[in-house]
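Presented below is the structure to which this report refers.
The values are calculated or read from the model by the stated rules, or taken from the named source; none is laboratory data. All values derive from a computational prediction rather than experimental measurement. Counting neighbours? That spans all protein chains shown, and the Cβs are built from the backbone with ideal geometry, glycine included. Ligands, DNA and RNA are excluded from the accessible area calculation, which covers all protein heavy atoms including side chains. Shrake-Rupley method; radii C 1.70, N 1.55, O 1.52, S 1.80 Å.
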Amino acid sequence: MSAQSPARWTDPEQQELEERVAAAELAWLSMDVDVQTLRVEIDNFALIHHQLLGPLYARLDELDALVAEAVAARSGRPEDRRRAAEARQQVEELPDLDALFDSVQELSERDRSGRGEEAGPGERTAPPPAAAPTRVRPGKEAQRIYRELVRRAHPDLTTDPAEQQRRAAFLARVNEAYAYGDAAALEGLAAEWSTAPEAAPALDSPDRSDWLRRRLDWLTAKIAETATEQVRLEQTPMGQLLALAPQDPDRLLEQLAEELLAKAAERQAELERLLGGHGPVDGHGSVDPHGSVPVGDNGTDPTDVQESHTMFAQIPTTDAAAVPADAALLDVREQDEWDAGHVDGALHIPLGQVIARLGELPDEKLYVLCRVGGRSAQVVQYLVQQGRDAVNVDGGMYAWESAGRPMVSSTGQAAFVL
């Protein structure tokens, strides 16, 4: 009978540390994936939000300024003039959305480049980095940490090509921190190197327990850092907005567009009421806040000619019954709405995909449809800004159905508007 090999003895305290480190690694990796996913979702939502709703916000700001100017012209009060000037200044100071998002994308790509990531297919390469700050003479603590890191992480300490490349990349970060005398960054790099899995002592090494404790401390700090970043992202304006409908952001954009269109209609009606009172305005549709205001018995200027409302840009709109039979139609509803009932031959691109799929749109005049006209109004506003010929079908598919225009479904059942 052969003797059995004795079971390997393990230190219970070290075994517990092994388990805690493994659990912390899993928790940190899961949190990091969640945070990176949230960051991408917020960035994408912010882009679509500003591209599609930005023109509506700008229209509201312009209407607010025109209303304030009309009120100031009628009342002549200094306080109303001040408010009108502030409202007009806000409109004039609005940033250019295209320039804004170009700068955001450049910063994002520059940040990715700083982390050593490559640009993906179709992505622009990062612009040249900004001029580096003036270097300083590193202090004694920075010198000590730097020498220790170079001694431990030098590529010549290994013969494995992949490991040499990893060490060289790490030392490039070390050299950059040292050039600026950044002792705190060097300390962080030292902690990262000493706790990396590649630096782990063997399971039976007497140094294993000490390494596990340092690794656990490093992971705990990373978990706290990642959690803080998640909270920061969730509390940004776009993060809070996305949290209202994380599973269906396109419907949220539709609701916001309808609210903005309703507000714009209210402002337009108020402006027309004020202009109907013959308030003096200049030839550009804004009130001259410096001129005197002659007032009649009814509080209006009896000599001024009523302003033409056509000077105010409107979303190109048509009735469903007036859409030509051979018109190019774009349906921006979601897939389930499309499947329930749509116009045969229409192009289907959901609202959230319009920007990415602009190349699929025909060059001819486009008639844009949604359920009631809110989402399609956003798209028309955006397309017109891009120089495209687009018209919003007022009332959407409900109006199309009421006008007796033909519809088909994707299910083979009777078509209806969902």
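How much length is gained if the chain between Arg39 and Tyr398 is pulled fully straight, taking 0.36 nm per residue apart and subtracting their Cα-Cα distance, in nm to one decimal?
Stretched fully, the Arg39-Tyr398 segment lengthens by 125.6 nm.
Rolling a 1.4 angstrom probe over the protein heavy atoms, how many square angstrom per residue are accessible across the range 342-396?
Per residue, the range 342-396 has an accessible area of 38 Å².
What FRET efficiency, computed as 1/(1 + (r/R0)^6) with R0 = 35 Å and r the Cβ-Cβ distance, is obtained for Gln14 and Glu141, rounded to the nearest 0.05?
0.60
If amide H atoms are built 1.01 Å from N in the plane of the peptide, which residues on other chains or at least 5 residues away come under 5 Å of the amide H of Ala328?
Result for Ala328 returns Tyr367.
To the nearest Å, what is the center-to-center distance of the range 349-418 and the range 180-237, using C-alpha atoms only?
52 Å
When you count, for each residue, the other Cβ atoms within 10 Å and take the mean per peptide, how do 318-329, 176-187 rank with the highest first?
176-187, 318-329
What is the percent carbon and sulfur in the accessible area of the range 321-418, measuring with a 1.4 Å probe over the protein chains and ignoring ligands?
Here carbon and sulfur together make up 47 percent of the probe-accessible area.
Apply 1/(1 + (r/R0)^6) to the Cβ-Cβ distance of Lys365 and Arg166, taking R0 = 51 Å, and write down the FRET efficiency to the nearest 0.05.
0.35
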